[in-house]
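Structure, as structure tokens:
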Amino acid sequence: MRLISINVLREGMVVGRTIWNEAGHPLLHKDVTVTKGIVERLRQLNVQYLYIDDSLSKGIEIEETVEPKKRIEAVKNMTKAFEHVKQAKPNQASFVLDQQSKVIGLIVDDIMNSIINTDDVLMVLTDAYLYDEYIYQHSFQVAMYSIAIAKEMGYTYEDIRLIGIGALLHDVGKLLIPIEILLKPGKLTDSEYEEIKRHAQYGFDILRNLHSLSLLVAHCAFQHHERIDGSGYPRGIVDHEIHPFAKIIAVADVFDALTSNRVYRNKMLPTEAIAIIVKDDGIKFDTKVVEAFKRSIIHYSNGTIVLLTDGRRGIVSKQNLIDVTRPWIRVFEEDDKLLGATYEICLSDYPEIYIKNIETEFAVYVE
């Protein structure tokens, strides 16, 4: 299967991967033949990319690190837990969340079991899920990225679990922000932006009063928007003043925000988001965290069409665990001509060749 933009999706193409809705029900099944109605419906839902199957990509598999059913179940449980907090009075939020701490811990344990017990880099396919409540999916994904980074950095199992819980709860303060501000599609006013920024303080105030969780979890929520150059919020603290766990969650948080659809902008591809984070390496983000992040996250997902610097086109067919920036490529085009037979290369064997562009709008479809 391969990833394409909705802009080049056409009738007759075959869906390569099921798209799920927030309730955990299939919205569009794998192997369904695309119709004009399907294209229109996906556009209405603001789907930007989806996976298709054709002969060019036959045999290319894409397996998420956390299985879809496990993710859907975890997000359902998170939603229930967070909704209890959302419906509570502000002065009772800590008490209510304390009652949900066991659920939170079990969710983190499930994520850790999927990530800790594999040597693969983290594969997350946000394209396969549509949801209304961004905060819950976002928190789940930030926990996955944070756990993967912490694992790569060599943290103990106990610390990784704490980081995972801190990541899962990093945005809990947003439950106290008016929904019309959180979901406002246009530019925020200065006062609205200041209210959004208060979610870090709100989260800290909720979490520091929990008896069932470490105070470090509260500091993760409090500091995940701080930056090592002092440009963050709420306190504008600098490098040595920021807890190492919060530095990890800061990178994971930004990456997921950039690679997810938001009410005010469309998502980026992973490599685009990684480039933005790398640009701020050592400025806003801790260098050790950024380096671990780059090693633990897939840069080019399987099924991505790429243009190489030597003019060849191909599809990322599998990952290279030695260097995640240099995957295996199934070459299908040379000199702007489709080949009669494809062949595979690993970019690590060709140090002079790089990926020049990702081409999700490459329109050729071979049945």
Examine segment 254-268 for a residue that is under 16 Å from the mean Cα position of the chain (by Cα), of a type in the set (Phe, Trp, Tyr) and farther than 23 Å from Val14 by Cβ, and state whether such a residue exists. yes
Checking the structure you have, find out if any residue of segment 335-353 is of a type outside the set (S, T, N, Q), under 20 Å from the mean Cα position of the chain (by Cα), open to solvent by 10 Å² or more (accessible area, probe 1.4 Å) and at negative phi. no
Quick check on my filter: what residues within segment 270-305 are out of contact with any helix residue (DSSP H, G or I) (no Cβ under 6 Å at 6 or more places or on another chain), in contact (Cβ under 8 Å) with a residue 40 or more places away in the chain, aliphatic (A, V, I, L, M) and under 26 Å from Glu241 (Cα atoms)? Ile283
Here are Asp286, Asp281, Asp310, Asp253: which of them is charged (D, E, K, R), under 29 Å from Val331 (Cα atoms) and out of contact with any Phe, Trp or Tyr (no Cβ under 7 Å at 6 or more places or on another chain)? Asp310
Does Lys184 meet the test of being basic (Lys, Arg) and open to solvent by less than 40 Å² (accessible area, probe 1.4 Å)? no
How many residues does segment 303-318 contain that are out of contact with any Asp or Glu (no Cβ under 7 Å at 6 or more places or on another chain), assigned to a loop (DSSP other than H, G, I, E, B) and either polar (S, T, N, Q) or surrounded by fewer than 20 Cβ atoms within 10 Å (Cβ to Cβ) (or both)? 3
Out of all the residues in segment 322-357, which are in a strand (DSSP E or B) and in contact with a Pro (Cβ under 9 Å, 6 or more places away or on another chain)? Cys346, Ile355
Looking at (1) modelled with pLDDT of 85 or more; (2) aliphatic (A, V, I, L, M); (3) within 19 Å of Ile249 (Cα to Cα), find the lone condition where Leu122 falls short. (1)
Failed condition for Glu367, given (1) in contact with a helix residue (DSSP H, G or I) (Cβ under 6 Å, 6 or more places away or on another chain); (2) in a loop (DSSP other than H, G, I, E, B): (1)
Of all residues in segment 17-39, count the ones that are modelled with pLDDT under 90 and touching a Lys or Arg at 6+ places or on another chain (Cβ under 6 Å). 2
Can you name every residue in segment 125-149 that is under 29 Å from Asp323 (Cβ atoms), hydrophobic (A, V, I, L, M, F, W, C), over 10 Å from the mean Cα position of the chain (by Cα) and modelled with pLDDT of 75 or more? Ile147, Ala148, Ile149
In segment 245-293, the residues that are modelled with pLDDT under 95, surrounded by 15 or more Cβ atoms within 10 Å (Cβ to Cβ) and not hydrophobic (A, V, I, L, M, F, W, C): Asp256, Thr259, Ser260, Asn261, Lys267, Pro270, Thr271
If a residue counts only when it is open to solvent by 30 Å² or more (accessible area, probe 1.4 Å), which strands (runs of 3 or more DSSP E) contained entirely in segment 1-103 have at least 1 such residues? 26-28, 49-53
Within segment 209-219, the residues that are under 15 Å from Ala246 (Cα atoms) and either modelled with pLDDT under 95 or of a type in the set (S, T, N, Q) (or both) are Ser214
Of the residues in segment 109-125, how many are aliphatic (A, V, I, L, M) and either more than 28 Å from Thr271 (Cβ to Cβ) or open to solvent by 30 Å² or more (accessible area, probe 1.4 Å) (or both)? 1
Considering (1) under 30 Å from Cys220 (Cα atoms); (2) touching a Phe, Trp or Tyr at 6+ places or on another chain (Cβ under 7 Å); (3) surrounded by 21 or more Cβ atoms within 10 Å (Cβ to Cβ), say which one Ile242 fails and leave the rest. (2)
What is the number of the single condition among (1) out of contact with any helix residue (DSSP H, G or I) (no Cβ under 7 Å at 6 or more places or on another chain); (2) of a type in the set (D, E, K, R); (3) free of Cβ contacts under 8 Å to residues at least 60 places away in the same chain that Lys187 does not meet? (3)
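The values are calculated or read from the model by the stated rules, or taken from the named source; none is laboratory data. Computed from a prediction, not measured in an experiment: that's the story for all the values here. Note that each Cβ is placed from the backbone with ideal geometry, even for glycine, and that neighbours are counted across all protein chains shown. Side chains included, ligands, DNA and RNA excluded: accessible areas come from the protein's heavy atoms. Shrake-Rupley method; radii C 1.70, N 1.55, O 1.52, S 1.80 Å.
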